[in-house]
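Note sheet for the following structure.
The values are calculated or read from the model by the stated rules, or taken from the named source; none is laboratory data. Being a predicted model, the structure only gives us computed values, none of them experimental. Ideal geometry is used to build each Cβ from the backbone, glycine not excepted, and the neighbour counts take in all protein chains shown.
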Amino acid sequence: MKKLINEENEWDHRIEVTLIEGPADYITMGQVAVALKKMKRHKAPGLVTEMIQSTEDIGTQWISHLCHSIVKEGCIQENWKSSMLLPIYNGKGDLTECRSYRGIGLLEHAVKVVERIF
């Protein structure tokens, strides 16, 4: 059966999660610095990782404050909850087959850093 590119997979609702209560863990500047170092460089326009890294402690502190506000408020910005997924032809196979493409998700780099930390 062929899958369309935008088609979602079936979810069987059998995922079990253990609820953990109590105060959220403090996110350290060291954790943010490690996440920034792991980010790929020279990939996309916008607020790119190199810009955040070039500010040294200021950028690390900014991302740290951002993470703390997300944890404190218990929510993330609405426009960060989705991304645009673009199909990119992988250079092999039939152009009409979904398996001949790979998806590239477009997200703001700050969101990518926050995702890596969480």
Checklist line | Within the range 81-109, considering residues that are modelled with pLDDT of 75 or more and assigned to a helix (DSSP H, G or I), the one surrounded by the fewest Cβ atoms within 10 Å (Cβ to Cβ) | finding: R99
Checklist line | Qualifying positions in the range 86-102 - within 22 Å of K38 (Cβ to Cβ) and either touching a residue at least 24 places away in the same chain (Cβ under 8 Å) or within 12 Å of the chain's Cα centre (by Cα) (or both) | finding: none
Item checked: Boolean, S64 is surrounded by 13 or more Cβ atoms within 10 Å (Cβ to Cβ), under 12 Å from V32 (Cβ atoms) and of a type outside the set (A, V, I, L, M) -> yes
